[in-house]
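Down below is the structure, laid out as structure tokens.
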Amino acid sequence: MKYQAPRGTYDILPEDIQKWHYIENIIRKLTSLYNYYEVRVPIFEQLDLFKRSVGEDTDIVEKEMYTFKDKKGRELALRPEGTASIARMVAEHNLQSSKKEPLRLWYEGPMFRYSRPQKGRYRQFYQFGVECIGSSKPIADAEIIAIGWQILQEAKVPDVSLEINSVGCPECREQYNILLKEFLYKDKDKYCADCRRRMEQNPLRVFDCKNNTCRQLIKNAPRMLDSICDKCSEHFEGVKKNLEMMKVPFTVNPEIVRGLDYYTKTAFEYKVNYLGAQDALGGGGRYDGLIEYLGGKQTPAVGLSMGLERIILSLEKSEFLFPEDNNLKVLVIPIGTAALQASIEMMQEFHKADISAIIADESSSVGSNLKLCDKNNVSFAVLIGDNELKSGLYVVKDIKKKAQSEIKKEEVVSFIKNT
Ligand code: HAM
């Protein structure tokens with residue numbers, strides 16, 4: 001029986017890992033420059049956490065969650081996203097209470113959504129996220145948006161556009177829902193069954209429908225942005241002004257509603273136009289009510305997440321040359337089994353000096369071991385045989401320069417370090 005990775009999942013092979021390291025290094029650098037702290041939360045949580053935060057009527061909760069019961073019958077779910085866990089963590093540990101500065105957190109890890117797999121859409125995918133917790137000011141929204149923008153710029157992802165919107169607060173949403181329902185009810189029977197149910201419970205979710213008829217019908221619906229209250233409007237103006245000051249280019253797109261229920265005020269997405277339907281590299285927004293809703297103190301917050309696969313796909317599409325991970329520096333080649341002890345000691349000396357080194361197969365010929373160096377971009381080979389053991393002088397080959405020297409065994413490490 002030959003097994004395959006489950007549908008919608010994939011392996012990251014050794015030859016591809018450098019692509020991940022490339023983007024992860026940029027993420028680590030930028031989050032550190034903005035003073036964000038890394039946190040790690042569980043991969044599974046109580047099912048109810050996602051129902052309450054992401055929303056019962058969303059596609060994610062209704063159709064895409066991996067849910068299961070443990071041996072004690074507890075209902076759990078693999079996390080479909082990270083923000084719910086972060087909000088739960090802040091509420092559970094009362095993290096915000098003693099700090100004046102907002103809490104700046106970031107995370108990366110696998111998320112799980114049971115959707116139809118295609119290029120850029122997987123059932124297990126990696127998200128990176130940043131969450132700024134404790135500030136209601138527009139500058140916090142702009143900071144979050146700017147971090148995402150800078151990461152994509154620094155990674156050299158081509159032709160990214162940033163679209164922003166405001167989805168208002170619960171008060172203006174209530175007014176807007178009345179307007180939207182009125183519009184939807186005019187053609188109620190023409191919508192699909194899902195939409196008909198959603199227009200009763202949570203009309204904004206009708207915008208998520210993938211059905212063509214529904215999409216056509218909702219095209220002329222009133223937009224949230226035209227109904228936001230003065231406070232939300234002032235906040236949105238502040239976000240735009242701050243983004244301008246930060247020189248982050250954006251367009252306002254009133255159609256951005258996001259597929260999760262917890263958003264208030266700002267909502268945004270980074271998009272490219274060359275990845276087909278999976279055109280969103282990342283997105284996020286403000287969620288001022290979520291932490292309190294999960295039992296914490298009233299704490300405003302704003303954040304974003306990005307899909308790492310989509311960033312890598314964008315770079316592959318533009319034929320970007322990913323920098324290679326550090327290659328093996330030294331291959332120690334024992335010539336015959338008598339040299340094995342000395343070769344192991346040599347390798348250990350390299351490791352003490354933080355130089356990567358491994359031992360070649362002593363039963364292969366020197367020629368084929370040297371060929372391996374060429375193939376794998378190894379910088380040096382150290383040859384140890386009977387002669388070398390006797391004389392105490394090891395042969396050091398500089399593979400790239402095609403040069404060879406005989407070096408006292410005690411000086412081999414410093415010789416290679418300084419070459
Ligand atoms: P989201 O828009 O659902 O937001 O996901 C963010 C990003 O994750 C997407 O833009 C996409 O790049 C990637 N993504 C989502 N689903 C998949 C999939 N099936 N396969 C591959 N990539 C995918 C959130 O998850 C929110 N937590 C963002 C946020 C953080 N809001 C506030 N803070």
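The values are calculated or read from the model by the stated rules, or taken from the named source; none is laboratory data. It should be emphasised that the depicted structure is a prediction, and the values quoted were computed from it without experimental measurement. Reconstructed Cβ throughout: ideal geometry from the backbone, glycine too, with neighbour counts over all protein chains shown.
Here are the numbers:
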item: Enumeration of residues in region 106-118 that are near the ligand (Cβ under 10 Å from one of its atoms) and not polar (S, T, N, Q); result: Tyr107, Met111, Phe112, Arg113, Tyr114, Arg116, Pro117
item: Scope region 363-395; condition of a type in the set (Gly, Ala, Ser), outside any loop (DSSP other than H, G, I, E, B) and either in contact with a strand residue (DSSP E or B) (Cβ under 7 Å, 6 or more places away or on another chain) or surrounded by 12 or more Cβ atoms within 10 Å (Cβ to Cβ) (or both); matching residues; result: Ala381
item: Any hit, region 61-68, residues being aliphatic (A, V, I, L, M) and within 21 Å of the chain's Cα centre (by Cα); result: yes
item: Matching strands (runs of 3 or more DSSP E) fully within region 243-321 where at least 3 residues are among the hydrophobic types (A, V, I, L, M, F, W, C); result: 301-307
item: All positions within region 124-146 that are crowded, with 22+ Cβ neighbours inside 10 Å and among the β-branched types (Val, Ile, Thr); result: Val130, Ile133, Ile144, Ile145
item: Among the candidates Ile407, Ile355, Ile416, residue that is part of a loop (DSSP other than H, G, I, E, B), on the phi < 0 side of the Ramachandran plot and not basic (Lys, Arg); result: Ile355
item: From Gly148, Gly73, residue being touching a strand residue (DSSP E or B) at 6+ places or on another chain (Cβ under 9 Å), at pLDDT 95 or above and more than 9 Å from the ligand (Cβ to nearest atom); result: Gly148
item: Residue that is farthest from Arg116 (Cα to Cα), among those in region 30-60 that are basic (Lys, Arg) and touching a residue at least 40 places away in the same chain (Cβ under 8 Å); result: Arg40
item: Test: Val272 is buried (at least 21 other Cβ atoms within 10 Å of the Cβ) and among the aliphatic types (A, V, I, L, M); result: yes
